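Participant: Pasting a structure below so you can have a look.
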Amino acid sequence: MGFIDKLFGKQTKEEIAVTTEKLNIGIILGSTRQGRVSPQVGEWVKGIADKRGDANYEIVDIADFNLPFLGTTDGSEPGIATWNEKLASLDGFVFIVQEYNHSITGALKNAIDFAREAWYNKAAGIVSYGSTGGARAAEHLRGILAEQKVADVRTHPTLSLFTDFVNGTEFKPQELHLNNVNAMLEEVNAWSGALKTLR
């Protein structure tokens, strides 16, 4: 099929099948520390996402893979291969990002660096939290994802430690975030479906 046909919407049977299958979207928890609140935020996003019925959503907790620090071992740990297999099975991502020292956690950066091709030509949304809504961490993450050929969507729900959490530990999101999360998921699904045709 030529470029013009694609441009004006003529698709092959294979391309139509790709675009009508439900996508698999991983909600990646970006923290591994004790007492973390990312599981609460991740489950909240998944609850909103599951009601949409437009994709298969799952929580992907990097803590479950027991990844070593990159470059400190021979790379034979089973969690490394399992991590790459999980990423390869996904069409897109939603990152739950907390701000540490104006950036993302070391654990998340390490996990991102442990894969390469499994990230390529996929889309991602970001839900961040922190004293300034995690905005600085999210901006750092965008640059990292670009290097991994992940297209990050524009809509970005930001959660405040002061207004969306009780004592910094119990997640109580304001209703106003619901529209932003749904808009972000809409973009993630649209971009993930479009990029799937490149893989």
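The values are calculated or read from the model by the stated rules, or taken from the named source; none is laboratory data. This one's a predicted model, so the numbers in the text were calculated from it and none came from an experiment. Every residue, glycine as well, gets a Cβ built from its backbone with ideal geometry; the counts of neighbours run over all protein chains shown. In case anyone asks, the SASA skips ligands and DNA or RNA and just uses the protein heavy atoms, side chains included. Shrake-Rupley method; radii C 1.70, N 1.55, O 1.52, S 1.80 Å.
Participant: For the range 27-96, state the average projected area of the convex hull of the C-alpha atoms over all orientations, rounded to one decimal in nm².
Facilitator: It is 5.2 nm².
Participant: Show Ser103, Ser38 ordered by accessible area, largest first, where the area counts protein heavy atoms only and the probe is 1.4 Å.
Facilitator: Descending order: Ser103, Ser38.
Participant: Check Ala151: other-chain or 5+ apart residues with amide H under 5 Å from its amide H, H built from backbone geometry?
Facilitator: Lys122, Ala123, Ala124
Participant: Hydropathy first: keep DSSP H helices in the chain averaging at least -0.5 on Kyte-Doolittle, then drop any whose Cα extent along the axis falls short of 24 Å, and list what survives.
Facilitator: The qualifying helices are 177-196.
Participant: Separate question: Write down the accessible area per residue of the range 43-179 in Å², having rolled a 1.4 Å probe over the full set of protein chains.
Facilitator: 47
Participant: Give a quick list of chymotrypsin sites (Phe, Trp or Tyr not before Pro) in the range 138-198 that DSSP marks as loop, anything other than H, G, I, E or B, with at most 14 other Cβ atoms within 10 Å.
Facilitator: Phe162
Participant: Rounded to the nearest 500, what is the chain's calculated 222 nm mean residue ellipticity when only DSSP H runs of at least 4 contribute -39500 (n - 2.57) each, over all residues?
Facilitator: Rounded to the nearest 500, the figure is -12500 deg cm²/dmol.
Participant: Another one. Semi-axes of the chain's equivalent ellipsoid from the Cα gyration tensor, sqrt of 5 times each eigenvalue, largest first, rounded to whole Å?
Facilitator: 28, 22, 14
Participant: On to the next question. I'd like to know how the range 78-135 sits against the 2.2 N^0.38 Å rule of thumb: what's its Cα Rg over that expected value?
Facilitator: Here the Cα radius of gyration is 1.22 times the empirical estimate.
Participant: I would also like to ask the following. Residues with beta-carbon under 10 Å from that of Ser103, excluding Ser103: net charge, scoring Lys, Arg +1 and Asp, Glu -1?
Facilitator: Neighbourhood net charge equals 0.
Participant: Name the residue, out of Lys22, Lys51, Lys149, whose mean-square fluctuation peaks in a Gaussian network model built on the chain with Cα pairs under 10 Å.
Facilitator: Maximum among the listed residues: Lys51.
Participant: Pull out the extension gain between Arg116 and Asn180, defined as 0.36 nm times the separation in residues minus the alpha carbon to alpha carbon distance; nm, one decimal.
Facilitator: In short, 20.1 nm is gained.
Participant: Could you list, bin by bin from short to long, the percent of Cα-Cα pairs of the range 78-178 in 5 Å steps?
Facilitator: All Cα pairs, binned at 5 Å, distribute as 2, 13, 22, 22, 17, 12, 9, 2, 0 percent.
Participant: Given a 1.4 Å probe and every protein chain left where it sits, what share in percent of the accessible area of the range 55-145 is carbon and sulfur?
Facilitator: Summing carbon and sulfur atoms, their accessible area is 52 percent of the total for the range 55-145.
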